[in-house]
Structure formats: C-alpha cells, structure tokens
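The values are calculated or read from the model by the stated rules, or taken from the named source; none is laboratory data. Since we're looking at a predicted model, the values are computed, not measured. Glycine gets a Cβ as well: all are built from the backbone with ideal geometry, and neighbour counts include every protein chain shown.
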Amino acid sequence: MKLLQIPTATLEQRIKEEMEINPALEEVDDYGTEEEEFFPNSPEDLETGAADEREEREDDYEDDPYESLIDNDIDISDYYADYEDDTASYKTRDDSYGADQEEDQRPVPAALGTTFHEHLMEQLGLLSLDERQHAIAAQIIGSIDEDGYLRRKIEALVDDLAFGQNVMTDEEEIEQILQKIQNFDPDGVAGRDLRECLLIQIRKKKTPNDHILNITEQLLENYFEEFAKKHYDKLLRNMGITNDDLKDAIDEVLKLNPRPGSVYVQSNQISNYIIPDFILQNNGGDLVLSLNSKNAPDLRISDTYKEMLREYSNSRNKSKSQKEAVMFIKQKIDSAKWFIDAIKQRQSTMMKTMEAILRYQYEYFLTGDEMQLNPMILKDIAEITGLDISTISRVSNSKYVQTEFGIFKLKDFFSESLQTDSGEEVSTREVKKILTDLIEGEDKSKPLSDEKLMLYLVEKGYNIARRTVAKYREQLDIPVARLRREL
C-alpha cells in the first residue's frame, strides 16, 4: 500500500533508499525496459487484450531461479563483517517506516543562496541598535513566517524574550522596533494581517499630492471590511468619491503583493514538476496506454549474494559464524524478493486500474470532450478490477495520466451522476463545465446569482436545485456573485 501511493517522481528515490539498506538488491544497468503498451480499437478489445497481457506478466513473476539456494548452507566471513551492522538496521526498522512519506510530503530542495530570514537579518545589521534591542529585533524576525507576516502576538513576544533570552521588555518597545523592521525589503514585510501588509506598501509608495494613493490608504485603513466584501455602493457613499476614483484605488491595491515573503522564498526553491505515471497516446484512432518507464525499474537479486549462498552450500566445514552469516544473507535476499514483488504488484495494480478507467471513459479519451465523461465512482472501477475501493482510491488520488489534451490526476475522471429532463444520467463534471462557462461569460458588473445560474441550467434540461448549484460553485472555488462583482 505504501509503495502504491508513492508517485512516480519519488519512486526512483525510494528504490535507491531500499538498495542502500539492502545490498542484496540491485538495479540492472543495461535493462532497456520497454513501456507496456496496449492497442485497443474499442473498450471490448482493451478488456480482453489487457487481461491477456497481464496474465503473461504475472506468469513471468513466478520464476525464481535461486529459490533452491535458500535452504542451503560458504565461507563469507569477509562479507559478514561488512554487513553485520545492516542486519539490525533492516530488521529493527519500525513497521510504520515510510508512513510520514505516504502523501509525498518531502521538503522541496532549496537552491543555494540567501534565505528570506537571512535577507532580513542582513538588513537588521544596518540599523543602529544596542545589544538588547538587537536581540528583540532578531526575535521579531525569527517569528516572521515565509509569507512575510508576523502572526505571533506582541504580548507573546514579550514572554518569548523573557523566558527564552532573559530580555525584559514591553509591548511598546517591541512595537517601536517592529516599525523599523516594517521598513525592510520586501515591501509589506512584518505586517500582522493582510490589511497592515497592504497599508505598509501603500504608505511607502504614496506622496502628499498623490490623490489616488491617498484614497487607497484611506480605503485600506478605514473601510477594509467593506472593500473585502465588495460593498462598492457603501464605499462610494461613505468616502464621498467618484466611481472612477474607487476603480483606480482598487487597481492600486491589486498591484500590491499580499504575500511579500513568498516571492523571495519561491526564487530559492526548485520547482516541482508533475511526472505522469501513465502515457496515453492516440495512434490513428487506437488508444495506446503505457506505464511511464520510470515505474518499471528492472530490479534483481545481487549475483554476489546468490554466489555466496552457493559457495556456502558447497562448503564442507560450516562454522557457527558462517551459519549466522548465511541467515543474514537469506534475510537480505528474502527482503529483496519481497521488494521486487511489491514493485511488480504496484505496476500490475496501477495498470489494472488505469485500464478500467480507460474502458469506462473511452469516448472522452478519444475526443477530449468533457461532455463525453460518464458518471463514474470508485465502486464502478473496483467492480471491474476486483480490487478494493480503498486501493482504487489510493491509485486515483496520487497518480497522473498524460494525454494529448494535457496531464490529469486520475481522480479528475470520477464524478457522480445527475439526471436530465429526458431521464438521461450525465456526469456532474459536465454540469460543472457548463456552470464554469456561464460564470466566465457573465457581465462582471452584474454577476449571476445562484438562482439565475440554476434557471439557466434548468433551461438546458438539467434538473438541479439552487443549493446544488451553490455546492458545485464552491467545489470549483468560485465565490458568490457579490464577490465576483467588478466595477
């Protein structure tokens, strides 16, 4: 299950880790593994062809040319000394090893360079502060998160300094030093919330005679809640400004950076690229499904370890230390065999799942038309493959397929059904696509309410309630009509 959840991007690293802890496992250097391909002309061909191919692969896995060596007894004292420590580390590894990595939460490697906090500390060195004030400023900077915000309460910082560094201070002194840090680069750093972050940036930009920036400052300082909720009529009335002034002020806010620290952090990070687990190609009307070759490493048992067993089996004098050594070798070989089988089972389960999804959504993969997507739930694929629903869930939640229309997560092809006026069942994804198109084409000065969106869908023949429209809109991360309004 753990190997099944590992995405292709980290499978290679996981294999390397296993080879480091188990010297009996090795990767063939000149394997030239070919991608597994199927050329179905129809969903029916896919079903029969894939089953035949899978059966052939499973038969290949059964061969075990060194099985007979496992129960035999080598003079391997040299190897025993080298690998003695590995036995404990491998055998005593906790059963939950890798649990924290199941969702691939490994840290993104950072490029060499100055970090965000180092950048702030460098600027701190330019201030004229005594040792005590420097300690307070350093504590503030250390409490700034990677987005550039100081989310720790001032009163909490007073306690941090008192108990952690034996520096006695008060909230007023911290506020004074905080204002100095808020003048650091990048603009907006050390704001305690979004409003203060934006205000810091505007105040650095504005001049006494800049009419629009003065309005923008007033807007953020006194009417931030109304601005956030897009109560434009109320803003025009309370601020006594024109519609054009408000529009220009909003444009100025949109130029600001709501996460001042993120740009600096992102510049020091290596981008994460999606590596597809499956490749799906349209070859003249025939869909060709294959595993990404990175998912099919050619692993084997080390010839050295197998030879060590053979030598031991031919040895006439078998000492106690040699017998203990051969137990170690057997354990390593068994572990290597288990890992190879687990990788093969991973490949088989992935292909079986993707084949079923391809068969279920065949027309979509041929055309790329979302209107061709069939309603499909985990249970449907579980019944086709004979796998458990939880297994299908693990595969669909963490695997990607590359198509001629783009790269998609498998879970994107799952959706519930909705009935039309004609009694036909359609995918809810089809309805969401229409909903998205309606909102994208609406008049932004008068955005469509959920009620109006419902009426449009009903006119198109979809039986849908207003609350269902609201649910789909939220799932699409589309805000309510009032928050979509633009001047």
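Within the bounds of segment 236-245, is there any residue that is in contact with a Lys or Arg (Cβ under 9 Å, 6 or more places away or on another chain) and over 22 Å from ARG482 (Cβ atoms)? Please lay out each step first, then the result.
Let us first name the residues in segment 236-245 that are in contact with a Lys or Arg (Cβ under 9 Å, 6 or more places away or on another chain), namely none.
No: segment 236-245 contains no residue that is in contact with a Lys or Arg (Cβ under 9 Å, 6 or more places away or on another chain) and over 22 Å from ARG482 (Cβ atoms).
The residue that is farthest from PHE414 (Cα to Cα), among those in segment 448-487 that are in a loop (DSSP other than H, G, I, E, B) and aliphatic (A, V, I, L, M), is LEU487.
Listed here are the residues, each with its yes/no results for (1) of a type in the set (Lys, Arg); (2) surrounded by 14 or more Cβ atoms within 10 Å (Cβ to Cβ); (3) not in a helix (DSSP H, G or I).
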position: LYS330; (1), (2), (3): yes, yes, no
position: SER348; (1), (2), (3): no, yes, no
position: ALA356; (1), (2), (3): no, yes, no
position: ARG359; (1), (2), (3): yes, yes, no
position: MET371; (1), (2), (3): no, no, no
position: LYS379; (1), (2), (3): yes, no, no
position: ALA382; (1), (2), (3): no, yes, no
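Being among the polar types (S, T, N, Q), surrounded by 15 or more Cβ atoms within 10 Å (Cβ to Cβ) and under 20 Å from LEU3 (Cβ atoms) narrows it down to one of SER415, SER393, so name that one.
Working: SER415 fails: under 20 Å from LEU3 (Cβ atoms).
Result: SER393 is the single residue among SER415, SER393 that is among the polar types (S, T, N, Q), surrounded by 15 or more Cβ atoms within 10 Å (Cβ to Cβ) and under 20 Å from LEU3 (Cβ atoms).
Taken residue by residue, segment 169-182 has no member that is charged (D, E, K, R) and within 34 Å of the chain's Cα centre (by Cα). Screening the candidates SER396, SER417, SER390 for the property of being modelled with pLDDT under 80 and among the small types (Gly, Ala, Ser) yields one hit, SER417.
Applying a threshold of 8 Å to beta carbon distances and a minimum spacing of six or more residues, or different chains, the list of pairs starting in segment 464-487 at a residue that is on the phi > 0 side of the Ramachandran plot and ending at one that is of a type in the set (Ser, Thr, Tyr) and at pLDDT below 85 is empty. Flag: GLY441 does not match the condition of being under 26 Å from the mean Cα position of the chain (by Cα) and surrounded by fewer than 16 Cβ atoms within 10 Å (Cβ to Cβ).
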